[in-house]
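The values are calculated or read from the model by the stated rules, or taken from the named source; none is laboratory data. Everything quoted here is computed from the prediction, not taken from an experiment. Cβ placement follows ideal geometry from the backbone for every residue including glycine, while neighbour counts extend to all protein chains displayed.
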Amino acid sequence: MAGSGLRAVSGQGWVRGSGPAVLSRLRDAAVVRPGFLSAAEEETLSRELEPALRRRRYEYDHWDAAIHGFRETEKSRWSEASQAILQRVREAAFGPNQVLLPLVHVLDLEPKGYIKPHVDSVKFCGATIAGLSLLSSSVMRLVHTQEPTEWLELLLEPGSLYILRGSARYDFSHEILRDQDSFFGERRIPRSRRISVICRSPPEEQSPDCPPQSADPPRLPPTHQGHCV
């Protein structure tokens, strides 16, 4: 999709899409806030996460085939400095009374790692996810599950915050492009090791008026059944 349909939201150049309609539709559903972290805050999070990540090996055969070249963990206990950062994420991405999943998902992609197109399962997290990007720039691509000509790309620089909610979560697949495909328009975005720190709302409770479903609604891309990424 490099070089096609280049349109920037708010004149900032961190979001581009297939046309004005999809940009308008996802204006509040797929958001990038560059420079959300200072360099010192990014270093604080990276330093705190490194010991736990270093004890894990990179994996290449994720059980639902959505991720390649990764290691991950979940974390509930944070230093005071990191807690303050995560509180800012909550305030920026979630409502004041929104309950979040207690475990923060941490995903570490090696330089050649990537996330394949998928739709997160509604069984494991709710309508909003918010992720901090550390160490490396990357490109996240969203493609409509029923109309694949409708797409959006997010440029995720180190220290940025991305927010996906509503239609961006359920009507579009999302992926992190592998290094050789990592372009934002005509601009090459070299990939190196990338860590994302992801806060998630919980799954919606099953309505008492609706019988429980045995499976998620059918989607064109695979449905990621594990952590929301």
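Selection of first residues in segment 62-73 that are surrounded by fewer than 20 Cβ atoms within 10 Å (Cβ to Cβ) and of second residues that are part of a loop (DSSP other than H, G, I, E, B) and at pLDDT below 70, restricted to Cβ pairs under 6 Å at least 6 apart or on distinct chains, gives the following pairs, ordered by first then second residue: ASP64/GLN225.
Can you confirm whether segment 90-112 contains a residue that is closer than 24 Å to GLY126 by Cβ, touching a Cys at 6+ places or on another chain (Cβ under 9 Å), β-branched (Val, Ile, Thr) and at pLDDT 95 or above? Yes; the residues of segment 90-112 include at least one that is closer than 24 Å to GLY126 by Cβ, touching a Cys at 6+ places or on another chain (Cβ under 9 Å), β-branched (Val, Ile, Thr) and at pLDDT 95 or above. State the number of residues belonging to segment 92-116 that are surrounded by fewer than 19 Cβ atoms within 10 Å (Cβ to Cβ) and over 23 Å from PRO34 (Cα atoms). Total satisfying the criteria: 7. Restricted to segment 129-195, the set of strands (runs of 3 or more DSSP E) holding at least 1 residues that are free of Cβ contacts under 8 Å to residues at least 60 places away in the same chain comprises 138-144, 172-176. ALA29 fulfils the conditions (1) without any contact (Cβ under 8 Å) to a residue 60 or more places away in the chain; (2) touching a Gly at 6+ places or on another chain (Cβ under 7 Å) except for a single criterion, (1). Screening segment 145-200 for residues that are among the hydroxyl-bearing types (Ser, Thr, Tyr) and closer than 27 Å to LEU49 by Cα and picking the one that is surrounded by the fewest Cβ atoms within 10 Å (Cβ to Cβ) gives SER192.
When segment 110-127 is examined, which residues are found to be within 21 Å of ASP28 (Cβ to Cβ) and touching a Leu at 6+ places or on another chain (Cβ under 7 Å)?
So in segment 110-127, the residues within 21 Å of ASP28 (Cβ to Cβ) come out as 119-120, 122, 125-127.
The one that is within 21 Å of ASP28 (Cβ to Cβ) and touching a Leu at 6+ places or on another chain (Cβ under 7 Å): CYS125.
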